[in-house]
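The values are calculated or read from the model by the stated rules, or taken from the named source; none is laboratory data. These figures come from a predicted structure and were not determined experimentally. Backbone-built Cβ (ideal geometry, glycine too); neighbour counts: all protein chains shown.
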Amino acid sequence: MQTSCRHGGFWNANGVDGGQAEAIRVPLADGTVVAAPVGEDSPLIPSLLTLSDVYGTGYHAAIKANVSPRTTVTVIGDGAVGLLAVLSARQLGAEQIILMGRHAARTTLGREFGATDVVAERGGEGIEKVRELTRGDGTHVVIEAVGHMPAYEQAVGAVRPGGVISRVGVPQYENAPVGFGSLFGRNITLTGGPAPARAYIPALMRGILAGQVNPGRVFDREVTLDQTPQGYQDMNARRALKVLVRP
């Protein structure tokens, strides 16, 4: 496929710049479009596609928390972002990675991505289980990949004193505990935020092209463009983890 991209321009399969019905608008194309050295039928396409969102987000969570060798990590959430946060933590050398999730197919994939332990319990029971696995300490890092208050509360309970909570789940709340008993008195760092996925693409792409990682395994269903609404419904109903749309 030949393409012709300009700042905020259009491209289509013939590389003709313009506004034809089959053209796709690419806003800020000079900065956002990245050339992948593979054909459109490459088996690497699913993994490369994760670079635009879920892989970069999981990696961002681990980077913001300064995950490194000898770090212990809890990941809350077994969605695509949570699973790729597991993969990213393993890439950065974390020695123990606890995945908190209760969907067996997803947590199995999480183990294959590098999780050393899986905790299915939630709330206080889940926090207690994490502490049992860490000799009562909690983990150095907790990555919160859900965005709901119960997940944040689990993060506060599972992190060890002096540790880091890294949030990449979009918060569905405006207020959360940050006072003396929750964060301040325990010297907990709260970080995270929207991932600058474009900034991570060059480094993460190298691992995909070299066959070192396969983040595209989070896609467990493919649909056509016309089936996109059904794909969203399946993800919402937990019938699918991540849906890949092929025109």
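Quick look at the values:
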read-out: Failed condition for Glu125, given (1) closer than 27 Å to Asn236 by Cβ; (2) touching a residue at least 12 places away in the same chain (Cβ under 8 Å); (3) more than 18 Å from the chain's Cα centre (by Cα); value: (2)
read-out: Selection count where residues are of a type outside the set (Ser, Thr, Tyr) and in contact with a helix residue (DSSP H, G or I) (Cβ under 7 Å, 6 or more places away or on another chain), scope region 184-195; value: 2
read-out: Unique residue being in contact with a strand residue (DSSP E or B) (Cβ under 8 Å, 6 or more places away or on another chain) and of a type in the set (A, V, I, L, M, F, W, C) when the list is Val86, Val33; value: Val86
read-out: Residues of region 126-155 that turn out to be assigned to a helix (DSSP H, G or I), out of contact with any helix residue (DSSP H, G or I) (no Cβ under 8 Å at 6 or more places or on another chain) and over 27 Å from Glu174 (Cα atoms), as a count; value: 3
read-out: Enumeration of residues in region 211-247 that are in a strand (DSSP E or B) and either out of contact with any helix residue (DSSP H, G or I) (no Cβ under 7 Å at 6 or more places or on another chain) or β-branched (Val, Ile, Thr) (or both); value: Glu222, Val223, Thr224, Val243, Val245, Arg246
read-out: Output for region 101-116, where each listed residue is buried (at least 18 other Cβ atoms within 10 Å of the Cβ) and among the charged types (D, E, K, R); value: Arg106
read-out: Which listed residue is surrounded by 12 or more Cβ atoms within 10 Å (Cβ to Cβ) and more than 19 Å from Thr139 (Cα to Cα), from Gly193, Gly163, Gly179; value: Gly193
read-out: Candidate set: region 213-226, residues that are more than 21 Å from Tyr55 (Cβ to Cβ) and in contact (Cβ under 8 Å) with a residue 12 or more places away in the chain; chosen: the one surrounded by the most Cβ atoms within 10 Å (Cβ to Cβ); value: Thr224
read-out: Candidates Ala195, Ala210, Ala151 - the one that is out of contact with any Leu (no Cβ under 9 Å at 6 or more places or on another chain) and over 20 Å from Asp53 (Cβ atoms); value: Ala210
read-out: Residues satisfying the stated conditions in region 154-182, i.e. closer than 20 Å to Val54 by Cα and of a type in the set (Lys, Arg); value: Arg167
read-out: Tally, over region 195-210, of residues that are part of a loop (DSSP other than H, G, I, E, B) and in contact (Cβ under 8 Å) with a residue 12 or more places away in the chain; value: 2
read-out: Complete set of residues in region 44-100 that are surrounded by fewer than 24 Cβ atoms within 10 Å (Cβ to Cβ), without any contact (Cβ under 8 Å) to a residue 60 or more places away in the chain and in a loop (DSSP other than H, G, I, E, B); value: Ser68, Pro69, Arg70, Leu92, Gly93, Glu95
read-out: Residue count for region 180-198, restricted to those that are among the hydrophobic types (A, V, I, L, M, F, W, C), under 14 Å from Ala61 (Cα atoms) and modelled with pLDDT of 95 or more; value: 2
